[in-house]
Amino acid sequence: MAILLLEDGTTESDLSAIAHELEPLGIKLRHYDPGTSLLFPELMEQETVTDVEKRHIVGLHNSVFEFLQQENGYLWSDLLNIHPGSPNLETWMATYGRYHTHNAAEAIYLLAGEIIYGFVKPDRTQVQLLITSQDYLHIPAGVEHWCSFSASLHFKVIRYFTTVEGWVPIYTDTHQQFKI
């Protein structure tokens with residue numbers, strides 16, 4: 001389950017309290033356990049997956065999460081599999097590790113591993129959110145944020161896109177105030 005770190009150093013692990021804290025940003029955080037990971041536990045443990053395996057995983061989740069696609073207008077989705085040997089790992093980290101916004105919503109469903117997000121709230125304070133397996137996160141267009149991998153450098157995530165070009169970062173001058 002998710003953990004929210006507030007700027008004053010306190011943490012929150014209650015999902016409804018985290019959702020309430022992120023509400024002013026329009027961010028949706030939900031935890032879904034459709035049991036799909038039980039259908040392919042070996043794929044969740046593997047460091048790499050083939051394109052065929054990726055399509056199978058995405059297809060299965062698209063059928064389970066069809067309501068999310070309709071609710072949010074997602075046009076397409078893919079599976080991003082990051083591990084220590086991933087090609088272009090440093091580029092991924094540099095691209096999304098700086099504060100930025102997007103002209104389109106960023107939405108993910110984390111299948112395995114952990115991801116850390118940082119957000120700038122309307123009062124300019126910052127919070128950090130650690131999401132874990134089976135967490136769904138929807139960040140509206142224009143929300144200032146960054147994304148980082150956990151220390152394990154391992155996750156599998158389905159990304160949902162509302163535009164053909166995907167998420168194009170628009171960098172801001174904000175700097176991270178603290179780190180998890």
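The values are calculated or read from the model by the stated rules, or taken from the named source; none is laboratory data. Just so it is clear, the model here is predicted, and its values are computed rather than measured. Just the protein is used for accessible areas: all its heavy atoms, side chains included, with ligands, DNA and RNA removed. Shrake-Rupley method; radii C 1.70, N 1.55, O 1.52, S 1.80 Å.
When the P(r) of segment 126-172 is calculated, the portion above 15 Å amounts to 56% of the C-alpha pairs. Close amide H contacts of Asp78 (hydrogens built in the peptide plane, cut-off under 5 Å, sequence separation of 5 or more or a different chain): Arg159. For segment 9-127, the equivalent ellipsoid derived from the Cα gyration tensor has semi-axes of 26, 19, 15 Å, listed largest first. If amide H atoms are built 1.01 Å from N in the plane of the peptide, which residues on other chains or at least 5 residues away come under 5 Å of the amide H of Thr163? Distant-sequence amide H within range of Thr163: Leu75. Coupling constants for segment 93-103 follow from the phi torsions by the Karplus curve (6.51 cos²θ - 1.76 cosθ + 1.60, θ = phi - 60°), and in residue order they are 5, 5, 5, 9, x, 9, 4, 7, 10, 9, 7 Hz; glycine and proline get x.
Separation of segment 73-151 from segment 4-22 is 17 Å, based on Cα centroids. Across segment 112-121, rounded Karplus estimates of 3J(HN,Hα) from the backbone phi angles (6.51 cos²θ - 1.76 cosθ + 1.60, θ = phi - 60°) give 8, x, 9, 9, 10, 10, x, 10, 9, 7 Hz, Gly and Pro being marked x.
For His154, the amide hydrogen comes within under 5 Å of the amide hydrogens of Glu114, counting only partners 5 or more places away or on other chains and with H modelled in the peptide plane.
Rounded to whole Å and sorted largest first, what semi-axes of the equivalent ellipsoid does the C-alpha gyration tensor of segment 62-174 yield via the square root of 5 times each eigenvalue?
Three semi-axes, in Å: 20, 19, 14.
Restricting to DSSP H runs of at least four residues, report the calculated mean residue ellipticity at 222 nm for the chain, -39500 (n - 2.57) per run over all residues, nearest 500 deg cm²/dmol.
-6500 deg cm²/dmol
Computed from backbone phi, the HN-Hα couplings of segment 28-33 come to 10, 10, 9, 10, 10, 10 Hz, rounded to whole numbers (Karplus: 6.51 cos²θ - 1.76 cosθ + 1.60, θ = phi - 60°; Gly and Pro given as x). Taking only protein heavy atoms and a 1.4 Å probe, the accessible area of the chain is 54% carbon and sulfur.
Rank Arg98, Arg55, Arg30 by accessible area, highest first, at a 1.4 Å probe radius?
Numbers: Arg98 125, Arg55 150, Arg30 70 Å².
In descending accessible area the options line up as Arg55, Arg98, Arg30.
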